[in-house]
1. Could you compute the FRET efficiency for Val179 and Leu25, with r as their C-beta to C-beta distance and R0 at 30 Å, rounded to 0.05?
2. Using the crude model of +1 on Lys and Arg Cβ and -1 on Asp and Glu Cβ, and no other charge, please compute the dipole size for segment 1-136 relative to its Cα centre, in debye to 20.
3. Across segment 3-205, how large is the tail of the calculated P(r) beyond 20 Å, expressed as a percent of all Cα pairs?
4. Counting other beta carbons within 10 Å of each Cβ, put Met200, Met47 in order, fewest first.
5. Say the dipole of segment 1-123 comes from +1 at the beta carbon of Lys and Arg and -1 at that of Asp and Glu; which of Asn75, Thr92, Gly114 then lies farthest toward its positive end?
6. Looking at segment 78-116, which chymotrypsin sites (Phe, Trp or Tyr not before Pro) are in a loop (DSSP not H, G, I, E or B) and have at most 16 other Cβ atoms within 10 Å?
7. Once you have the Cα-Cα distance between Arg40 and Asp60, take 0.36 nm times their residue separation minus that, and quote the gain in nm to one decimal.
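Please treat every number below as a calculation from the coordinates, not as lab data. Note that the structure is predicted; figures quoted are calculated from it, not measured. Here Cβ is always computed from backbone atoms with ideal geometry, including for glycine, and neighbour counts include all displayed protein chains.
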Amino acid sequence: MDPLHVIKTGGITIYILIGCSVLSLGIILERWLYYRHRSRVARESFMLEIIKKIEKGHIDLAIQVCQETDTPFANVVYAGLNLYGHNEIVITNTMERAITIETNKLQKYTSIVGTLGSTAVYIGLFGTVLGIIRAFHDISYSGSGGISVVINGISEALICTAAGLAVAVPAVIAYNYFVKKIDTFISDMELCASQTMDLMTIRQKWTGKEGTRNKD
């Protein structure tokens, strides 16, 4: 069947599923680009650079590295380094808040994809049920028909189920990918926050000073 016939046969349910598909694909593309852009820098190489700067006492240079690195964990480290010399609890709480903020940014729109993935199939089934009801109604109204007519009506009604699956499968796969990617980002942020806190604590104890930023 050609696409126009499929849309005509599916009725309003097909239009709903087309809208869901467009929305889902748009969010999937946007999130994929967002994660890809923020995954260009490896956590290990970033923290190696931060360690070198902090060990030499160049806190300002470490902050500059964070500003030049567009990743969630860089923003968390930046939040902590900005409070160098303050109480450890204050720095830790600030970095935890930064992790929460970055996590919310990473999770943006992902719940929509998950919802579409879980409901698209049911929308398709709803359209199929309506199609079957319509097929039997047409048969009873015309007063004639046979097994071939019934099968033809049911086959057309199942188009909605197929469309629902076509929307749901990519959405579910993408949502699972998003969840895994977000978990990786969160782990990186927590590791960077913990390591940065340790580095600042050791540096402050070693120098015996608090709040100093060297530009040498």
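1. With R0 = 30 Å, the Cβ-Cβ based efficiency is 0.95.
2. Dipole magnitude for segment 1-136 comes out near 400 debye.
3. Within segment 3-205, distances greater than 20 Å cover 66 percent of Cα pairs.
4. Met47, Met200
5. Result: Gly114.
6. Those satisfying the criteria are Tyr109.
7. 4.9 nm
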